[in-house]
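The values are calculated or read from the model by the stated rules, or taken from the named source; none is laboratory data. Treat the numbers as computed from the prediction; the structure is a model and nothing was measured. Please note: Cβ atoms are built from the backbone with ideal geometry, for glycine as well, and neighbour counts cover all protein chains shown. In case anyone asks, the SASA skips ligands and DNA or RNA and just uses the protein heavy atoms, side chains included. Shrake-Rupley method; radii C 1.70, N 1.55, O 1.52, S 1.80 Å.
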Amino acid sequence: MEEKEISQAVIGRLPRYYRYLKDLKDSGKERISSQELSRIMKVTASQIRQDFNNFGGFGQQGYGYNTNYLYEEIGKILGLDHVHNMVLVGAGNLGQALVKYLKFKKSGFNFICAFDINPQLFGQTVGGIPIRPLRELKDYVDANDVDIVVLTIPKSDAREVAHSLTRTNIKAIWNFAHIDLELPASIQVENVHLQDSLMKLSYNIHRNSISPDDDQ
């Protein structure tokens with residue numbers, strides 16, 4: 001049977017469902033309806049049901065959703081029921097902050113090594129993992145079970161490093177370099193542009209500061 005194609009919009013909402021359900025579960029909420037979840041998340045109940053129906057529904061008529069069960073099932077859909085080993089490329093301030101963010105490890109995203117071009121960092125550790133020369137990256141990835149490479153390097157270097165990784169067995173790149181990477185379909189790429197988020201915030205600040213008279 002051919003697997004159903006799930007839209008990226010639906011996939012993009014799953015982590016938010018997962019986050020809210022964790023808070024509900026931790027607060028002792030055992031059962032929740034789509035209407036209740038709608039009020040909490042500001043997503044229509046119809047949209048919630050449509051999203052969940054892509055994966056089988058999870059609910060019972062007249063009962064709603066078992067919070068813990070739904071949380072666990074969405075975690076499985078997101079692949080959070082097993083550990084993803086990650087390596088960092090670029091052990092500067094941003095990279096070090098990511099490695100030290102403990103919630104990644106709690107969610108199954110485990111940094112095992114970092115790489116940089118700065119000789120002063122070689123042999124040091126960050127968040128308990130070693131920092132090694134960038135020239136060793138490909139050999140390390142080939143010799144270890146690495147799923148995700150995290151890039152926090154200048155865009156001038158990101159494309160070259162990313163393309164060198166196409167000859168390895170990595171499954172994905174989480175890219176913080178200020179460039180959109182396009183790689184073979186065998187490697188999933190998530191391009192993260194922090195400045196874009198700030199620009200969106202700036203737009204909303206600007207729009208909210210305009211009076212109705214100014215907007216005419």
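At a glance:
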quantity	calculated
Residue list for segment 114-129, given a label point 7 angstrom along the Cα-to-Cβ vector of Ser156 and an amide N cut-off under 18 Å	116-119
Point-charge dipole on Cβ atoms (K/R +1, D/E -1) for segment 67-112, about Cα centre, debye to 20	240 debye
Full-extension gain in nm, Gln188 to Lys22, via 0.36 nm per residue minus C-alpha separation	57.1 nm
Charge context of Leu183, other residues only, Cβ under 12 angstrom, K/R +1, D/E -1	0
Percent accessible area from carbon and sulfur atoms, the chain, protein chains only, probe 1.4 Å	49 percent
Under 15 Å, Cβ to Cβ, from Pro133 - net charge with Lys/Arg +1 and Asp/Glu -1	-1
Sum of side-chain charges, Gly90 neighbourhood, beta-carbon under 9 Å (Lys, Arg +1; Asp, Glu -1)	-2
The chain - percent relative contact order, Cα under 8 Å, separation 6 or more	13 percent
Cα centroid separation, segment 77-130 to segment 151-193 (Å)	16 Å
Sequence of Arg49, Arg135, Arg159 when ordered by accessible area, the most exposed leading, probe 1.4 angstrom	Arg135, Arg159, Arg49
Length gained when the stretch Met199-Asp180 is fully extended (0.36 nm per residue, less Cα-Cα span)	5.1 nm
Gain on full stretching of the segment that runs from Ser164 to Asn53 - 0.36 nm per residue minus C-alpha separation	36.0 nm
Segment 131-172: relative contact order in percent, alpha carbon pairs under 8 Å with at least 6 residues between	57 percent
